[in-house]
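The values are calculated or read from the model by the stated rules, or taken from the named source; none is laboratory data. Here the structure is a predicted model, which is why all the values come from computation and not from measurement. Positions of Cβ are generated from backbone atoms using ideal geometry, with glycine treated the same way; all protein chains shown enter the neighbour counts. Surface accessibility is based on the protein's heavy atoms, side chains included, excluding ligands, DNA and RNA. Shrake-Rupley method; radii C 1.70, N 1.55, O 1.52, S 1.80 Å.
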Amino acid sequence: MALQAATSFLPCALSARKEGAVKDSAFLGVRLADGLKLETSALGLRTKRVSTSVAIRAQTAAVSSPSVTPASPSGKQTLRKGTAIITGASSGLGLATAKALAETGRWHVIMACRDYLKASLAAKNAGMEKGSYTIVHLDLASLDSVRQFVRNVRQLEMPVDVVVCNAAVYRPTAKEPSFTADGFEMSVGVNHLGHFLLARELLSDLTSSDYPSKRLIIVGSITGNTNTLAGNVPPKANLGDLRGLAAGLNGVGTSAMIDGGEFDGAKAYKDSKVCNMLTMQEFHRRHHEATGVTFASLYPGCIATTGLFREHVPLFRLLFPPFQKYVTKGYVSEEEAGKRLAQVVGDPSLTKSGVYWSWNKNSASFENQLSEEASDPEKARKVWELSEKLVGLA
Ligand code: NDP
Ligand code: PMR
C-alpha cells in the first residue's frame, strides 16, 4: 500500500547570526589567528523557510503480522521484519545505520528526516533497496513537526519496534544562539528537547509492539562525559543547577544555556548529549519494567568525517580526521559506526536496558561508565521534569 501525502509545512527555525570573525576559532583547543573570517551572512535576525513539503512515502506493504510466525517447511519459527525509526538518517551515522539494517533484509527503516530530497538521494546513493525504507518528514526544531511526525507514522500502520534518536546539530563557531520554532536554543532544542518529545510520544507505540526486543536508543557521546580525556577538552559539559533549562532556554532575559551561563555553541552541544544520556537512564528507571522496552545509549566512536562538523572552521575539518586516526586513534568510519549502532538496534546480545554502549579497539561492544554528572539520578529526574514542561507534556 503506497501512501503519499504532501502538505505544506511552515517554517520554524529562527536563526540569529552575526557577521564577522568567529569567536572561538580554535582548532583542537588551540586558538587560530583572530580575525579569521568564515561567515558573511547579514547581521541580525533571519527567518528561514525550512521545508516546503511533508513527505511520507511508503514503499512497502504495511507490516501487521505477529512478530513470530511459523513459516518454514521445517516448522521453524521466523521473525517478521522489524521496523526501526531513525532520526537524521539523511547522512553520517544515521544513514550508515539505515543502510546496515536495510541490507540485512530483516529491517524496514523509517528515515525521519527534515529534508526529503536529501534523504531520498542519500538512500539511493547508498544503494538501499527501494522497498527497504520509508522517508517521513521530521524537523526536530519544531515540536509541531514532531507531533505531526508521530501522526504520520501511525498512518503508515507499521509497527514501531525500535526508535533511534540520532539526529543532532553542532554549532561550535556560532557567536550567538539560534532558536527553534518553539524558542529553545537550537542544539539543546533539536538534540534533546525534540527527541524527548518524540521518544515520549512513541513510547506507547513501542510498548504495543509485539516484537521480541523493542528498543529506544538515544545517541550519546564521549564529549559529554567528563570522566574521559575527550570530555575534558574545553568547554566542558556542565548542566549546573539547570537554571537556564528551567527558564526555557529562550535567551530573552534569560540564558540560552542549560546552566544559565553565557552562550557557547560547543558547550550547548555537549550539554545536550548529557541530557540525551540522562534521558535514556530516566526512561529505563521509569518505564523498563512496565513496558519491556530496552533503553540504551552509546558512543559509536569518533566519526570524524560526518556532516556534524559542517559549521566548524575549514582547518578543523581538514585536520580533525587525521588527528583522530593517527593521534587519538579514536577514529571510526561511518560504515563501522553504522554497524555498531545497528548492533544496538538488533543484536540479540545487546538487550540489556539502561546501558551506555561503547566499543574497544577490536570493535567489541562493552558497557561503559558514564561521568558522574551523566549518571546522576537526581539530575536525570530534574532534566526529565523540566523537559516535560517545556515540550508541553506536564
Ligand atoms: P551528521 O551531521 O552527519 O548527521 C546529523 C543528522 O541530523 C543529519 O541527518 C541532519 O539532517 C539531522 N538533523 C539535524 N538537525 C535536524 C532537525 N532539526 N530535524 C531533523 N533532523 C535534523 O552527524 P553525525 O552522523 O556525526 O551525528 C549523528 C549522531 O552521532 C549525533 O547524535 C551525534 O551527536 C552523534 N555522535 C557523533 C560523533 C561523531 O564523531 N561524528 C561522535 C559521537 C556522537 P540534514 O542531513 O538535513 O542536515
Ligand atoms: Mg576530541 C582519546 C582522545 C579523544 C577522543 C576519543 C576524542 C573524540 N577527542 C580526543 C582528544 C582530544 N580532542 C584532544 C586531546 C583534543 C585537544 C587537542 C581534542 C580536541 C577536540 C575538538 C576541538 N576534540 C573534538 C573537538 C571538537 O570540536 C569535537 C567535538 O567536541 O564535537 C562536539 C571533538 C571530538 N573529539 C572526539 C569526538 C568524538 C569529538 C566529536 C564528536 C561528538 O562528541 O559528537
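Considering only C-alpha atoms, what is the centroid distance from segment 254-283 to segment 355-394, in Å? Here the two parts' Cα centres lie 12 Å apart. Over segment 124-259, with every protein chain in place, what whole percent of the accessible area is carbon and sulfur at 1.4 Å, could you tell me? Reported share for carbon and sulfur atoms: 49 percent.
What is the ratio of the Cα radius of gyration of segment 303-364 to 2.2 N^0.38 Å, where N is its residue count, to two decimals?
1.33
The accessible-area ordering, largest first, of the residues Leu193, Leu315 stands as Leu315, Leu193, per a 1.4 angstrom probe.
In the context of the full set of protein chains, residues of segment 246-394 present 44 Å² of accessible surface per residue (probe radius 1.4 Å, heavy atoms only).
Note on segment 143-278: along the principal axes its Cα atoms extend 45, 34, 25 Å, ordered by decreasing extent.
The modelled label-to-label distance for the pair Asp144/Lys124, using points 7 Å beyond Cα in the direction of Cβ, is 3.0 nm. Val150 sits with roughly 0 Å² accessible to a 1.4 Å probe, with DNA, RNA and ligands left out of the calculation. What a 1.4 Å probe finds exposed on segment 294-366 is 56% carbon and sulfur by accessible area, rounded to a whole percent.
Given q = 0.14, 0.15, 0.23 Å⁻¹, what are the Debye log10 I(q)/I(0) values for segment 286-394, with equal point scatterers placed on the Cα positions and solvent ignored? So the normalised log intensities are -0.78, -0.87, -1.20.
Please tell me which of these pairs span more than 27 angstrom C-alpha to C-alpha: Lys270/Lys329; Lys130/Lys273; Lys267/Lys382?
Values: Lys270/Lys329 21 Å; Lys130/Lys273 33 Å; Lys267/Lys382 20 Å.
Cα-Cα > 27 Å for Lys130/Lys273; rest within.
The alpha carbon radius of gyration of segment 265-312, expressed as a multiple of 2.2 N^0.38 Å, is 1.49.
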